[in-house]
Amino acid sequence: MSSTNPGPGLSCIASGAITRGTRVKYSSVSGDTVVVAVAGAGERSIGTALKSVADGEKLGVELCAPGKVVTVVTASNYAAGSDVYGAASGKVQ
């Protein structure tokens, strides 16, 4: 059984298509709204996308924080409790 530890979220606009569970990074600001894009390998992310959206659509982002448990998209299999790192296309490995 998987569990999540929800916390503060952020309403954003997508810069490009974003898939639910992928890591996102800050891209820019449009008016009063933060614009996010998919984080690449080695790029620092601000959180995880809460739904899949097309370019320009609004989405919620679960912000990164110590002790949080979130659902993510993986690039490969890993054992429970393993450390994960940012991979390409917003995934973790």
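The values are calculated or read from the model by the stated rules, or taken from the named source; none is laboratory data. Keep in mind the model is a prediction, meaning the values are calculated, not measured. All Cβ positions, even for glycine, are placed from backbone atoms using ideal geometry, and neighbour counts span all protein chains on display. For the accessible areas, the whole protein counts, side chains as well, though only heavy atoms, and no ligand, DNA or RNA atoms are used. Shrake-Rupley method; radii C 1.70, N 1.55, O 1.52, S 1.80 Å.
Worth a mention:
- Top-ranked residue in the range 38-63 [being of a type in the set (V, I, T) and in a strand (DSSP E or B); ranked as nearest to A14 (Cα to Cα)]: V53
- In the range 76-93, the residues that are under 12 Å from G40 (Cβ atoms) and open to solvent by 70 Å² or more (accessible area, probe 1.4 Å) reach residues that are of a type in the set (D, E, K, R) and not in a helix (DSSP H, G or I) with C-beta atoms within less than 8 angstrom, at least six apart or across chains, in these pairs: K91/R23.
- Single condition T19 does not satisfy, out of (1) in contact (Cβ under 8 Å) with a residue 40 or more places away in the chain; (2) open to solvent by less than 70 Å² (accessible area, probe 1.4 Å); (3) in contact with a Ser or Thr (Cβ under 6 Å, 6 or more places away or on another chain): (2)
- Test: residue in the range 6-15 that is in a loop (DSSP other than H, G, I, E, B) and open to solvent by less than 50 Å² (accessible area, probe 1.4 Å): yes
- Subset of the range 64-93 [part of a loop (DSSP other than H, G, I, E, B), under 19 Å from A37 (Cβ atoms) and of a type in the set (G, A, S)]: A75, A87
- Scanning the range 46-70 for residues that are in contact (Cβ under 8 Å) with a residue 40 or more places away in the chain, out of contact with any Ser or Thr (no Cβ under 9 Å at 6 or more places or on another chain) and surrounded by 14 or more Cβ atoms within 10 Å (Cβ to Cβ) yields a count of 1.
- Of all the listed residues (V29, V24, V35), the sole one being free of Cβ contacts under 8 Å to residues at least 40 places away in the same chain, assigned to a strand (DSSP E or B) and open to solvent by less than 50 Å² (accessible area, probe 1.4 Å) is V35.
- Filter result for V73 (hydrophobic (A, V, I, L, M, F, W, C), open to solvent by 40 Å² or more (accessible area, probe 1.4 Å), modelled with pLDDT of 90 or more and touching a Ser or Thr at 6+ places or on another chain (Cβ under 6 Å)): no
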